[in-house]
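The structure under discussion appears below in the form of structure tokens.
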Amino acid sequence: MTIKELQQQVDEWIKEYGVRYFDEMTNMAILTEEVGEVARIMARKYGEQSFKEGEKNSLDDEIADVIWVLVCIANQTGIDLTKAIENNFAKKSSRDNKRHKENNKLK
């Protein structure tokens, strides 16, 4: 699936099952919540915390939730994610083409 197809499928799903997009601020709050769920799993799986009995341990599902909400925000604000990501790669490649290779902290 391409990013464009993802944006189209999310939009179709919203129109068929979700009735409409939540407003932008609600989606921002939902995004924050979903990122927190990723952080919780990361802290337990890769950090020093342990899982509580019966606690959900599906990092893949939580990351997908984050992507879903980001796509919703992009769709409702008119952002073409393919173009945005291509521009972001160009920016990073221009700005950071030596930065990380020359970072002694990464050697």
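The values are calculated or read from the model by the stated rules, or taken from the named source; none is laboratory data. Predicted, not measured: the structure shown is a model, and the values here were computed from it. No Cβ is skipped: glycine too gets one built from the backbone with ideal geometry, and neighbour counts run over all protein chains shown.
Determine whether Asn75 is in contact with an Asp or Glu (Cβ under 7 Å, 6 or more places away or on another chain), surrounded by 12 or more Cβ atoms within 10 Å (Cβ to Cβ) and at pLDDT 95 or above. So Asn75 fits the description; yes. Once segment 10-56 is narrowed to residues that are touching a residue at least 12 places away in the same chain (Cβ under 8 Å) and β-branched (Val, Ile, Thr), the residue that is nearest to Asp80 (Cα to Cα) is Val10. From the list Ala90, Ala43, the lone residue that is farther than 29 Å from Glu5 by Cα, of a type in the set (A, V, I, L, M, F, W, C) and in a helix (DSSP H, G or I) is Ala43. Scanning segment 14-28 for residues that are under 15 Å from Ala74 (Cα atoms) and either out of contact with any helix residue (DSSP H, G or I) (no Cβ under 8 Å at 6 or more places or on another chain) or outside any helix (DSSP H, G or I) (or both) yields Arg20, Tyr21, Phe22, Asp23, Met25, Thr26.
For beta carbons closer than 6 Å, sequence separation of 6+ or different chains, a first residue in segment 57-69 that is over 17 Å from Ala43 (Cα atoms) and assigned to a loop (DSSP other than H, G, I, E, B) and a second that is modelled with pLDDT under 95 and aliphatic (A, V, I, L, M), there are no qualifying pairs.
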